[in-house]
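**Student:** Sharing a structure below in C-alpha cells format, with a few things to ask.
The values are calculated or read from the model by the stated rules, or taken from the named source; none is laboratory data. Just so you know, these numbers come straight off a predicted model, no measurement behind them. Neighbour counts run over all protein chains shown; Cβ positions are idealised from the backbone, glycine included.
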Amino acid sequence: MRIAISTGGGDAPGLNAVIRAAVMSAIDRGWHVLGIKRGYMGLLGEDEVLPLTADSVRGIAHLGGTILRTTNRGNPFHYPVRQSDGTYREVDRSDELIENARNLGIEAFITIGGDGSLAIAQRLFEKGVRIVGVPKTIDNDVSGTITTFGFDTAVTTAMEAIDKLHTTASSHDRVLVLEVMGRDCGFIALHSGVSGQAHVILIPEIAFDIDKVCAHIMQRDAQGKKFAIVVVAEGVPFEGEQGSLGESMPGQARRVGGVADRIAKAIQARTGKECRSLVLGHLQRGGMPTGYDRLLATRFGGAATEAVANAKWGHMVALQTPHIVPIPIVEALQAPKRVDPTHDIVRTARRIGISFGD
Ligand code: F6P
C-alpha cells in the first residue's frame, strides 16, 4: 500500500504530531508513505512530493507548524492562475492532481485540514479518490468532533495574554480590548476569556449592545475596580459590519478582524476611560502544541491510518469521547459548529459576573 499525506489551510499546533502518528502507524502496517508539500501543490508541479520515513518524522511531535508546509490558496477545483495583466482566473486542476497521484502509485490519501480542506476532500472523494480526513482548526468550528487539535494551544496562548493584560490594565486603570481568532465563531474568545477571567466577552453567537458593555465597565468602576479586560472574537460584527484586516490573496478567504480597535474607541468615547486594543493574531497558531493537543493529534493520526485500512473513504476521524470514530465528511460539513449560547460555559461565565454585552 502506498499512501500520501497532506496538510492544508492555516497551520495549527499538532499537525506534526498527526503526521508522525500516521506515518509510524502506516510503517507498522508495512505501507509506504509520501508527503505532499504545501497542500496539494506538490501534486500540481508547484512543489515536491517526498517519501516520509521513520527518520523524517523523528522528533517532530512537539513542534508547531507542519513539516509538509501548507497553504490556504491551493484549492485544486478553484486554482488561482496569475495572468499576464496581473489579474487572476480560477481553473479546475483536480483531474491533473488525480492523474499525477496515479502516476506516483498513490493508492489513498490522508488529508489534514479544516472546513475548506475537508470540502476539497469531499469533492475528490466524489470523483473516486480514496481519501480520509483529519479535522484541524484552532477555531474549533468543525462539526462532528468534540474538539480539534490546535484549539487547546490557541486557548492557552490567549489565556496567557489575558493574564499579562490584567497587570498592566490594573496598573493604569485602563480598559484593554483583546481580539482573538475564530473567524465566525467564538470558542477561543469564550474559553480563553473564562479561563483568563476577562470581564467582558464578545462573540458572534451572542449579539451585544455597546452601551451594555460600557454600563458593565462603569459599574465595575463605581465599585472601585477601575480597569477591565474585554475579549472579542475577530468575527464579531460591530455597528452592522464585520471588520477586515485587509486584502486577502487570490484564492484565499476574506481576512476578518480589526474589531477590537473599533470597540476600544467606542468604549473610550462613551465612558471617558482610557482604552487600548491589541490583535493577538498568528501568535495563537504558533508554538508547541499543549499535551492535550499532542495526544489528540497522535490519536487522530493513528485513527486515520486505521480508517484507510478499513477503507473508510470519504470519512474523517472525530473525537466522540472517549472514542475516536470515523464519520462521513459530508456530515461534518453540513453545518459549522458554533458556540451554544445556553452552554454551561456561557452560563458559568454569567454566574461569575462576566458580561456578554447582551
Ligand atoms: O481558521 C484559522 C484562522 O486562524 C482564523 O482564526 C483566522 O481568521 C484565519 O485563519 C487567518 O488566516 P490567515 O493566516 O490566512 O491570515
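**Student:** Is it fair to say I19 is part of a helix (DSSP H, G or I) and either touching a strand residue (DSSP E or B) at 6+ places or on another chain (Cβ under 8 Å) or within 16 Å of the ligand (Cβ to nearest atom) (or both)?
**Tutor:** Judged against the criteria, I19 is a match.
**Student:** Given the condition part of a helix (DSSP H, G or I), of a type in the set (S, T, N, Q), assigned by TED's automatic domain parsing to the domain that holds V232 and within 16 Å of the chain's Cα centre (by Cα), answer yes or no: does some residue in the range 158-181 qualify?
**Tutor:** Taking every residue of the range 158-181 in turn, none turns out to be part of a helix (DSSP H, G or I), of a type in the set (S, T, N, Q), assigned by TED's automatic domain parsing to the domain that holds V232 and within 16 Å of the chain's Cα centre (by Cα).
**Student:** Now, a different point. Go through the range 76-116 and give me each residue that's hydroxyl-bearing (S, T, Y), more than 16 Å from G39 (Cα to Cα) and surrounded by 11 or more Cβ atoms within 10 Å (Cβ to Cβ).
**Tutor:** Y88, the sole residue that qualifies.
**Student:** Now a separate question. Check V230, V259 and return the single one that is within 13 Å of the ligand (Cβ to nearest atom), buried (at least 17 other Cβ atoms within 10 Å of the Cβ), within 30 Å of G9 (Cβ to Cβ) and of a type outside the set (G, A, S).
**Tutor:** V259
**Student:** Let me ask you something else. For the range 38-67, give me each residue that is of a type in the set (A, V, I, L, M, F, W, C) and within 22 Å of L283 (Cβ to Cβ).
**Tutor:** Listed by number, the residues that qualify are I60, A61, L63, I67.
**Student:** Being outside any loop (DSSP other than H, G, I, E, B) and more than 23 Å from the chain's Cα centre (by Cα) is the filter here, so list the residues in the range 68-92 that pass it.
**Tutor:** Residues satisfying the conditions are V81, R82, Y88, R89, E90, V91.
**Student:** Separate question: Is at least one residue of the range 279-296 in a strand (DSSP E or B) and either touching a strand residue (DSSP E or B) at 6+ places or on another chain (Cβ under 6 Å) or modelled with pLDDT under 95 (or both)?
**Tutor:** Checking the range 279-296: at least one residue is in a strand (DSSP E or B) and either touching a strand residue (DSSP E or B) at 6+ places or on another chain (Cβ under 6 Å) or modelled with pLDDT under 95 (or both).
**Student:** Would the range 335-354 turn up any residue that is in contact with a strand residue (DSSP E or B) (Cβ under 9 Å, 6 or more places away or on another chain), under 20 Å from I112 (Cβ atoms) and small (G, A, S)?
**Tutor:** no
**Student:** Then there's this: Would you be able to say whether some residue in the range 134-150 is within 16 Å of the ligand (Cβ to nearest atom), farther than 27 Å from I5 by Cβ and not β-branched (V, I, T)?
**Tutor:** no
**Student:** Just give me the residues in the range 1-32 being hydrophobic (A, V, I, L, M, F, W, C) and surrounded by fewer than 23 Cβ atoms within 10 Å (Cβ to Cβ), in sequence order.
**Tutor:** Those that are hydrophobic (A, V, I, L, M, F, W, C) and surrounded by fewer than 23 Cβ atoms within 10 Å (Cβ to Cβ): M1, M24, I27, W31.
**Student:** Still on this model: Among (1) within 15 Å of the ligand (Cβ to nearest atom); (2) farther than 19 Å from I138 by Cα; (3) not hydroxyl-bearing (S, T, Y), where does I267 come up short?
**Tutor:** Going through the list (1) within 15 Å of the ligand (Cβ to nearest atom); (2) farther than 19 Å from I138 by Cα; (3) not hydroxyl-bearing (S, T, Y), I267 breaks only (1).
**Student:** Consider only pairs whose beta carbons are under 7 Å apart and that are at least six residues apart or on different chains; among these, list those whose first residue lies in the range 268-284 and is assigned by TED's automatic domain parsing to the domain that holds V232 and whose second residue is aromatic (F, W, Y).
**Tutor:** Nothing qualifies.
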